[in-house]
1. How far apart, in nm, are two points set 7 Å out from the Cα along the Cα-to-Cβ line at residue 192 and at residue 45?
2. Anyone know which of 317, 86, 27 comes out most mobile in the 10 Å Cα GNM of the chain?
3. GNM on the chain, C-alpha springs below 10 Å: top fluctuator among 419, 175, 16?
4. Using a ≥ b ≥ c from the Cα gyration tensor of the stretch 247-310 (square roots of the eigenvalues), is it rounded, prolate or oblate, where a/c under 1.5 gives rounded and otherwise the larger of a/b and b/c decides, a/b for prolate?
5. In whole Å, how far is the Cα centre of the stretch 114-165 from that of the stretch 327-350?
6. Which percent, nearest 5, of DSSP beta bridges in the chain are antiparallel?
7. Could you check which residue among 376, 64, 195 shows the biggest mean-square fluctuation in a GNM of the chain with a 10 Å Cα cutoff?
8. Given that compact globular proteins tend to follow 2.2 N^0.38 Å, what is the ratio of the alpha-carbon Rg of the stretch 23-170 to that value?
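Rule-based calculations on the coordinates, nothing more; no lab input. Since the structure is predicted, the reported quantities are computational estimates derived from the model, not experimental observations. Virtual Cβ from ideal backbone geometry, glycine too; neighbours counted across all protein chains shown.
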Amino acid sequence: MLTKEQLLEKSKKPSADALKMHPFYRGKIASTLKCAVRSFDDFAIWYTPGVAAACRDIEAHPEKVFEHTNKANMIAVVSDGTRVLGLGDIGPEAAIPVMEGKAILFKYLGGVDAWPITLDTKDPDEIIKTVKIISPCFGGINLEDLSQPKCFYILDTLRKESKIPVWHDDQQGTAAVTLAGLINAFKIVGKDFRKARIALVGSGAANIATIRVMVGYGVDPRKIILVDSKGTLHKGRTDITKDYKEKLHFCQITNEEQRKGGIAEAMEGADAVVGLAKPGPDVIKKEWVKKMAKDAIVFACANPIPEIYPWEAEEAGAQVIATGRSDFPNQVNNSLCFPAIFRGTLDVMATTITDEMCIESAVELAKCAEDKGLRKDYLLPTMNEWEVFPRQAVAVALKAIEQKVARIILPKEKLFEIASDKIRRARMETQVLMEKGLIPSYSE
């Protein structure tokens, strides 16, 4: 077991390595071929004149675009750079490394081809218009790191008006993995999740969506207290404008006791606290954890620094602790969900990604960890447990079929075969390129 000092030092290493390795590779993704080039004669098939036959076929039968092109497996990762990780509004250029990183995770974990598109506009209507304009080339859109409240408006509008599935990972993706973690955390402490008292620190897109999927899962909203920068949400709040209609809604249905105050008041007596707020430390204090219920659960998921360090939460009496970081135990990271959710969505060519599909992903992810044996330091699977991704993909696809938003109907066994093959191939491609030296090894 590492000491506090060793853990703190270890937590600094990824940032130091990033400043060395990003310039070494000059970007993290590149396009590659998936068709054979047996000789230069094949260019007459893949390009002119042969390609015209495929174009004509799509013109006559628009649905055949999914057969003749990569549309069925290609998504765009779209951001305006206004709320990147815990860094805030850093602009479209500075957001590119994050979007490229997202594309890596989509490909390596889900077998999904993803391409970063950062936009030089903050206007929500311009973003909506741009996404709709580029959508013919893609099978789905992943909205990323958009500030609120416009992120809700953008997502709601595109989900209604787009012909392809659009989702905001900071909302549905984070909510799904948080739900999965909480399902297992409550199993570990032996409490009924659906009847628990839960405090949520931060009222951004992530926690708003987390409440929504928790309620969809069956958690009693009256026992949830949400805290924003001005205090707890309650019916007496008059400072929240109509632009924040989601927050206004939760002012009405949460916080049955109508507690007023801040984080300390929301956490008192709570069975769990979920931090998806500004980076810490000391956003959540040890003395507040001490006043939570017995066998408390602490999810401090802000990046790059959690709202409270895990060892401090443990010293304060927390029983189960999770963060958003991979270098601490129990990482609650949406990368455990979003590649699989899109994999399942694309495999049945779903027209949308519903909250119910995300909940199915969360339930299956939680079951994957439970199958291996839950522990205080093993709340969720890790990303190297590759089988969790096809399992979630199948659960998502079956829910899409059940909800009649799938264009393709396939049995469970076939869906698992398709998802497994695509994910396995993506990992094998990377390994082969590394072994052949086409992806060079980095050394200090």
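1. Between residue 192 and residue 45, the simple spin-label model gives 6.3 nm.
2. 27
3. Most flexible of the set in this elastic network: 16.
4. Numbers: a/c = 2.10, a/b = 1.34, b/c = 1.57.
Because a/c hits 1.5 or more and a/b fails to exceed b/c, the stretch 247-310 counts as oblate.
5. 19
6. Values: 4 of 34 bridges.
Antiparallel bridges: around 10 percent, rounded to the nearest 5.
7. 64
8. Values: Rg = 17.3 Å, N = 148, 2.2 N^0.38 = 14.7 Å.
Rounded to two decimals, the normalised Rg is 1.18.
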